[in-house]
Amino acid sequence: MIVKLALENGTVFTGENFGAEGEIAGEVVFNTSITGYQEILTDPSYAGQIVTMTYPLIGNYGVNLEDLESVKPQVSGFVVREYFDFYSNWRATSSLGDWLKKNNIIAIQGIDTRMLTKMIRTLGALRGVLSTTDGDEARLVKKAKASPEMTGLDLAKKVTCSVPYKWDEIDRTIFALAPQAASAQRNGRRFKVAVYDYGVKQNILRRLTSYGCELTVVPASYSAEQVLALNPDGIFLSNGPGDPDAVKYAILNLKKLIGTKPMFGICLGHQLLALALGGKTYKLKFGHRGANHPVKNLHTGEIEITSQNHGFAVDWKSMDGSKVELTHINLNDNTVEGFQHRELPLFCVQYHPEASPGPHDSDYLFAKFVKMMEGQKISSTLVVQ
Amino acid sequence: MPKRTDIKSILIIGSGPIVIGQACEFDYSGTQACKVLREEGYRVVLINSNPATIMTDPDLADATYIEPITPEFVELIIEKEKPDAILPTMGGQTALNTAVALAERGILEKHGVELIGAKLDSIKKAEDRQLFQKTMRAAGLEMPRGGFVYSYEEALKIVDGIGFPIIIRPSYTLGGTGGGIAYNIEEFHSIVEHGITNSPIHEVLIEESVIGWKEYELEVMRDTKDNVVIICSIENFDPMGVHTGDSITVAPAQTLTDKEYQYMRDAAITVMRAIGVDTGGSNVQFAINPADGKMVIIEMNPRVSRSSALASKATGFPIAKIAAKLAVGYTLDEIPNDITKLTPASFEPTIDYTVVKIPRWDFEKFKGVDDTLGVQMKSVGEAMAFGRTFKEALQKALRSLEIGRAGLGADGKDLFNHRKLSPKSKAEWKKRVKDQLRRPKPNNVFFLRYAFQLGLTIEDIHALTKIDPWFLFNIRQIVEAENELASIVEDADNTQSRTPSLESRLAKVTLEILFKAKQYGFSDRQLAYLWKTDEDTIRTLRKKHGVLPVFKTVDTCAAEFEAHTPYHYSTYERENESVRSKRKKVIILGGGPNRIGQGIEFDYCCVHGVYALREEGYETIMINCNPETVSTDYDTTDKLYFEPLTVEDVLNICEHEEPEGIIVSFGGQTPLKIAKELEAHGVRILGTSTEGIDLAEDRQRFGALLRQHKISHPKYGTAFSVKDAVLVAEEIGFPVLVRPSYVLGGRAMEICYNTASLREYMKKAVDVSPEHPVLIDCFLEDAFEFDVDAVCDGKDVLIGGVMEHIEEAGIHSGDSACVIPPFMISDEKTEEIIRITKKLAHALNVIGLLNVQFAMKDNVVYVLEVNPRASRTVPFVSKATGLALAKIAARIMVGQKLKDLGVMDFDFRKVKHISVKEAVFPFSKFPKVKMFLGPEMRSTGEVMGISSTFGASVAKSQISAGNALPEHGTIFVSVNENDKNEKTLEIVREYVKLGFKIVATEGTSKFLTAKGIVNKQVFKVQEGRPNIVDHIKNGEVDLVINTPLGEESRLDEYAIGWAAIEHKVAFITTLSAAATAVKAIGELRLGKLSVKSLQEFHQAS
């Protein structure tokens, strides 16, 4: 079936649909990972976005029940050069197309994805409409233009959980990094971590659990008081979609929480911490989405190859350098990739140490969080005595 | 960390001659290393015995040594040049092994030289399989089960625990020489014995078979700060069990989830850390069990490799260049990415296309060799192609291979047309196809297509081949598309009562159909075949519908950043990225995949042509499809198109670029073959006209031209049938040289001494027909042969050099050793050769390079053939004389004059040193192959010996060729009836004079005794024990002189030749070579061999 992708700049691509039927608008972005389409599709940070894979052959290994970052695909739409309904992998349980259809995601194949990528690179992320129902190109372009801009959108509230829940799962596949449970224990008790779910990727939960943490995942709107009532050893701020500056309630809660407990933020969590500390965020031209971004750890001088997915970034000039310290930068464009507080047990990164998809180079950050909680406990014990 | 300043001078070790398993990829890496290190301000000293390489250009290093790559010679160079460091990671296994030997013998320590790029400890951990296995297990990584043994008895103990099939890998051998897969105890015995003999340390690994598992490779780089990046993942189309060099390989990996890929990536990083490679690139090979994802490590190479060349070309990330920088202390984040300029090299390239590499084999040159593919590499070259789909890349790679195919079948060369098979023959074919697929063979990819056509399913084929179903699905898609394409005109045919017109047949072809066909990689030639028309009609039809290729960019980053490097490939999509500049431009066509007869020499010429034209201010555009080469390095030319060298693909680029002209005479036969058609489509051919090329190649016309100029040539004739052939041969007189009309590297050529053998040859070897006549030449027995390379500008002719062959006529010039300047010819005859060369250059209106082959018998000079193009010997002549012939030729082709280039004073006869070129053969890879030289070329590479004396140059060339001559000891002589003559006696007496003892088998022994030469008679193989083979194996023979005896004693010849090769005993098969060798030995004994750089040689001349 024919499907059209119309962009706000007037360009229309016509291809073949391999997902559900219908029509949807979204911000068109590209991801340069060669592998990991299933993780990308289920990453809630892609809410509201039509994702283009730059690697042309997609579907090769089907989908399985393990490589999920949330219960279902979260993207608005999916764009590839050549889709493979035939798949080959021992873990696969279904073809990608069937799974997308079942989850009502429109997907287009057979278009010049490199041309689209170059267009996004030059013009910036573009709003677009994917449609199997409307063949009128001019009308589709109009719809694209009328669709909401990403700036100012709070999408976290759309993807967060509705009620708190406990998480105790680790990656049990043969590919899992070795569990680090021993490191997060003290006197036989595991660290309790409250996880703010702004659209959390499950591998973050699996990694934290694997480091021995006991997780309570709470909705994005959970108040600071409610979180503290859980008496956690640490607070984790998850990744998520949309404009960080639009998630005002989260920023307010974080302002209250900063300094109370060790905190670790990833992606949107990192941006929200910056905002809560009085900084500013801005929209990148076309964002960072891929699994090959070099990030320099300014403490060690080492390069980490990182998994990234963000359209906004922290403006370092807006941050108070006497309070916070820049810890990580992106070597491609020198943007902020991580910072930590100079006094408080608080640090965060823009990229994804939980990988999935992507390299495991930055897994040490989870250990760092655990260490931070350990340090904190000793000091609080001292206070009590 | 910035670059090191404590080292000033670096010695780079090259990889020596092109052999199976070690080809021009190391010229590519070495050339990059030379360039980078000089740019960084280091003094670069280079050793490589291979004169055909670009890296041995005197311009690329401060001191270039064309010397044998042995610890002894390297030490001489160290003594003389006093380098601070040695970079051994650019020259393949040869360089690594040499470095290890230098370190172990204490030579490095003695001279205070440091190994950079890889430390001794790391090399040993990676190369010594036992240590490797230990290191891997200690790092928590899995390897196949097994162990190391030094005897068959020990091997038996291991096989008991594992069972069959089982893998046997000898330690420290090239391309896995001597290894194999044993399916039963008998095979096991023979492979183990063979492996123990082949391994320099007599060690073999007996290992659990992971045959049929999926095979992967990761290219990894690591710096001193422990930053590790993966450059590229490669998935093998052929499963485990086929050597990677013999596998179709695909980048990136296609059937791994991210979880699996990251698991592998982590393992690769662990391997790098455990081995301790911290200043360069390596590759790590993995096997994965498709049933449960279990992953094991197969091996790693702590150096750049064939796959690094491939990964560099596939991603645009210059691995060798970066590895060289890491070796001198830079870290990845300090090096900018050449392609994006703004981003650093410390990232992992990502690609938005698929790359397919297909090996090229030359089994037809080695009759009787088992062409089943296994753990020992047998291919001689490879072609690679880009596509936005796997199907497109696969079909493009297949038409790049120069095997006459236009894609995956449907080109008129198929074994059958499945649409026309009777049920009975269909069943027969089905059986045959299944049998074929059960064993990995060179052309099996075509049989996959047949299998689908005959109704086999993906499951059936997977069961037979273990090829991943995803790849098979893609093949099936191509087959289905072909059926659809064929049905379009077949339907049209069926609905017409009379033979339909072309128009009505093609009327049904729409833009959509054409576009899809092109996206699936179908060439115009395939479409023409399917639609029963010609290629031109398809081209016109395509243009009419606006179905034109676009050119995409290879940019390391999938378009995320702006690319500055114009490195392109074609595909069929919407946006074209290749921008035509306003500069005057020239397209140079490369040589395509390496094969016997067409190797690195032509890449040397192409690259030199490019260098010269860049200096002249032209925009140079290269088209080539060989990933190993320097010509496909994106910074060699201004613009690179990685594309097949077919009329269709080249024309597409010409039409887009509109060059001033195109150069077809540097890349060997490949570009020459398509020159006429390109010209017919309006492309201007630079240099000698296609008319001149035709005149030289058309025997009738060329014969007439020679007669007109009163130039002698051997009598010849053309036969269109077997009967004809006999008549022609009888008229010319035996012996005759017979060959099919189209030849490359003397394929299927033979010398026939009588009617019977001629008939036999005609029946067996040739498919003679009016379209494919057979050429018959008078064979000038015992004639001397000469080669001349020259450049003509239309007026003046510059003679680059006259080379004298060491072997007499009848041995292919590519296989013959030769010497410059000639040593056994009078000045008068040299003058005559030069005179004739000049006359021919003018008669053929040569503009550019010209190669003439001469024979001299009874003081008469005959012309054998003329090639108005770059020849195999151009680099050798250039290295020998210091005259950059190919560069001069390129300038001439764009209109310059020899006079203005200031080269007309050059006279090769004034060169004071003597250079000897020797051919290198792949016999050690092919047990049971005939080891004698003939009119059919079988060498894969060449080496050069250079010194002030003939003997020393010969001696050096023999050492480099792996055939080092003994200074004393025992010689085994066995000559055929023809050779039982005065010449033989003279030669043997020379050896006796030098104190050599002679042993011989009955016939030769009696002959020598009768003529008063003392010798000891030994048994032939069947006569009893100990026989000659035992003597060789026992180290009692130091040199074998064995001239071919013909069919009757073939068994003995195999056994003797093989024993000599296995035990590294010098082996000589012609009397002329024996005569040369004795001279060399004489001079060898006068004093120690010394080293001198090319720069010194050339300055002295």
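The values are calculated or read from the model by the stated rules, or taken from the named source; none is laboratory data. Treat the numbers as computed from the prediction; the structure is a model and nothing was measured. Here the Cβ positions follow ideal geometry from the backbone for every residue, glycine too, while neighbour counts run over all protein chains shown.
Scanning the stretch B:196-226 for residues that are crowded, with 18+ Cβ neighbours inside 10 Å and among the hydrophobic types (A, V, I, L, M, F, W, C) gives B:Ile196, B:Val204, B:Leu205, B:Ile206, B:Val210, B:Ile211, B:Trp213, B:Leu218, B:Val220, B:Met221. Residues that are part of a loop (DSSP other than H, G, I, E, B) and at pLDDT 95 or above were ranked within the stretch B:795-815; the one that is farthest from B:Ile888 (Cα to Cα) is B:Lys795.
Scanning the stretch B:523-546 for residues that are out of contact with any Ser or Thr (no Cβ under 8 Å at 6 or more places or on another chain) and under 28 Å from B:Tyr634 (Cβ atoms) returns a single hit, B:Asp524.
Checking every residue in the stretch B:253-264 against the condition of being modelled with pLDDT under 95 and surrounded by fewer than 24 Cβ atoms within 10 Å (Cβ to Cβ) gives zero matches. Of all residues in the stretch A:313-329, none are facing chain B (nearest Cβ under 9 Å) and either in a loop (DSSP other than H, G, I, E, B) or not hydroxyl-bearing (Ser, Thr, Tyr) (or both).
Looking only at residues of the stretch B:237-247 that are more than 14 Å from every other protein chain (Cβ to nearest Cβ) and of a type outside the set (Val, Ile, Thr), we find that the one that is surrounded by the most Cβ atoms within 10 Å (Cβ to Cβ) is B:Met240. Scanning the stretch B:428-444 for residues that are surrounded by fewer than 20 Cβ atoms within 10 Å (Cβ to Cβ), of a type outside the set (A, V, I, L, M, F, W, C) and over 30 Å from B:Lys214 (Cα atoms) turns up at least one hit. Taken over the stretch B:650-690, residues that are in a helix (DSSP H, G or I) and farther than 24 Å from B:Arg872 by Cβ amount to 10. Looking at B:Gly682, is it touching a residue at least 12 places away in the same chain (Cβ under 8 Å) and not β-branched (Val, Ile, Thr)? Against the criterion (touching a residue at least 12 places away in the same chain (Cβ under 8 Å) and not β-branched (Val, Ile, Thr)), B:Gly682 does not qualify.
Which ones in the stretch B:542-568 are touching a helix residue (DSSP H, G or I) at 6+ places or on another chain (Cβ under 8 Å), within 9 Å of another protein chain (Cβ to nearest Cβ) and surrounded by 24 or more Cβ atoms within 10 Å (Cβ to Cβ)? Those that are touching a helix residue (DSSP H, G or I) at 6+ places or on another chain (Cβ under 8 Å), within 9 Å of another protein chain (Cβ to nearest Cβ) and surrounded by 24 or more Cβ atoms within 10 Å (Cβ to Cβ): B:Lys552, B:Ala558, B:Ala559, B:Glu560.
If you take just the helices (runs of 4 or more DSSP H) that sit entirely in the stretch B:258-359, which of them hold at least 3 residues that are over 30 Å from B:Ile20 (Cα atoms) and in contact with a Gly (Cβ under 8 Å, 6 or more places away or on another chain)? Before you say what the answer is, go through the steps one by one.
On the way: elements: B:258-275, B:306-315, B:319-327.
Passing ranges, in order: B:258-275.
Restricted to the stretch B:37-125, the set of strands (runs of 3 or more DSSP E) holding at least 1 residues that are out of contact with any Ser or Thr (no Cβ under 7 Å at 6 or more places or on another chain) comprises B:43-47, B:85-87.
Considering A:Asp85, A:Asp134, which residue is more than 30 Å from A:Tyr211 (Cβ to Cβ), surrounded by fewer than 18 Cβ atoms within 10 Å (Cβ to Cβ) and touching a Ser or Thr at 6+ places or on another chain (Cβ under 8 Å)? Steps first, answer last, please.
Numbers: A:Asp134 fails: touching a Ser or Thr at 6+ places or on another chain (Cβ under 8 Å).
The conditions single out A:Asp85.
A:Ser45 meets all of the listed conditions (1) within 14 Å of another protein chain (Cβ to nearest Cβ); (2) crowded, with 21+ Cβ neighbours inside 10 Å; (3) outside any loop (DSSP other than H, G, I, E, B); (4) of a type in the set (Ser, Thr, Tyr) but one, namely (1). Among the residues of the stretch B:248-258, the ones that are at the interface with chain A (Cβ under 8 Å from one of its Cβ atoms) and in contact with a strand residue (DSSP E or B) (Cβ under 8 Å, 6 or more places away or on another chain) come to 6 in all.
Given the residues B:Lys420, B:Lys396, which is the only one that is in contact with a strand residue (DSSP E or B) (Cβ under 7 Å, 6 or more places away or on another chain) and more than 30 Å from B:Ile181 (Cα to Cα)? Walk me through it before giving the result.
Details: B:Lys420 fails: in contact with a strand residue (DSSP E or B) (Cβ under 7 Å, 6 or more places away or on another chain).
Going through B:Lys420, B:Lys396 in turn, the sole match is B:Lys396.
Conditions tested, residue by residue: (1) over 20 Å from the mean Cα position of the chain (by Cα); (2) in the same structural domain as A:Phe236 (by TED's automatic domain parsing); (3) at pLDDT below 95; (4) under 21 Å from A:Glu302 (Cα atoms).
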position	(1), (2), (3), (4)
A:Leu326	yes, yes, no, yes
A:Ile329	no, yes, no, yes
A:Phe339	no, yes, no, yes
A:Pro345	yes, yes, no, no
A:Val349	no, yes, no, yes
A:His360	no, yes, no, yes
A:Lys371	yes, yes, yes, yes
A:Ser380	yes, no, yes, no
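For the stretch A:81-101, filtered to residues that are among the hydrophobic types (A, V, I, L, M, F, W, C) and away from every other protein chain (no Cβ under 11 Å), the residue that is nearest to A:Leu57 (Cα to Cα) is A:Leu96. Go through the stretch A:10-27 and give me each residue that's away from chain B (no Cβ under 14 Å) and crowded, with 21+ Cβ neighbours inside 10 Å. Matches in the stretch A:10-27: A:Asn17, A:Phe18, A:Gly19, A:Ala25, A:Gly26, A:Glu27. From the list B:Leu454, B:Leu472, the one residue that fits, being within 14 Å of chain A (Cβ to nearest Cβ), in contact with a His (Cβ under 8 Å, 6 or more places away or on another chain) and either among the aliphatic types (A, V, I, L, M) or surrounded by fewer than 20 Cβ atoms within 10 Å (Cβ to Cβ) (or both), is B:Leu472. How many of the residues in the stretch B:989-1003 are in a helix (DSSP H, G or I), more than 11 Å from B:His968 (Cα to Cα) and within 38 Å of the chain's Cα centre (by Cα)? Qualifying residue count, the stretch B:989-1003: 1.
Selection of first residues in the stretch A:280-307 that are part of a strand (DSSP E or B) and of second residues that are basic (Lys, Arg) and surrounded by fewer than 15 Cβ atoms within 10 Å (Cβ to Cβ), restricted to Cβ pairs under 6 Å at least 6 apart or on distinct chains, gives an empty result. So which residues in the stretch A:246-270 are within 24 Å of A:Met150 (Cβ to Cβ) and polar (S, T, N, Q)? Matches in the stretch A:246-270: A:Asn253 only.
Restricting the stretch B:370-390 to residues that are within 14 Å of chain A (Cβ to nearest Cβ) and crowded, with 24+ Cβ neighbours inside 10 Å leaves a set whose member that is farthest from B:Gln477 (Cα to Cα) is B:Phe386. Please go through the stretch B:656-682 and give me each residue that is β-branched (Val, Ile, Thr) and in contact with a Cys (Cβ under 9 Å, 6 or more places away or on another chain), ordered by number. If the condition is that a residue be β-branched (Val, Ile, Thr) and in contact with a Cys (Cβ under 9 Å, 6 or more places away or on another chain), then B:Ile662, B:Ile663 are the ones that fit.
Let's see how each residue does on (1) buried (at least 16 other Cβ atoms within 10 Å of the Cβ); (2) in contact with a helix residue (DSSP H, G or I) (Cβ under 8 Å, 6 or more places away or on another chain); (3) not in a loop (DSSP other than H, G, I, E, B):
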{"position": "B:Glu918", "(1), (2), (3)": "yes, yes, yes"}
{"position": "B:Pro927", "(1), (2), (3)": "yes, yes, no"}
{"position": "B:Ile946", "(1), (2), (3)": "yes, yes, yes"}
{"position": "B:Ala955", "(1), (2), (3)": "yes, yes, yes"}
{"position": "B:Gln958", "(1), (2), (3)": "yes, yes, yes"}
{"position": "B:Ile971", "(1), (2), (3)": "yes, yes, yes"}
{"position": "B:Asn978", "(1), (2), (3)": "no, no, yes"}
{"position": "B:Thr984", "(1), (2), (3)": "yes, yes, yes"}
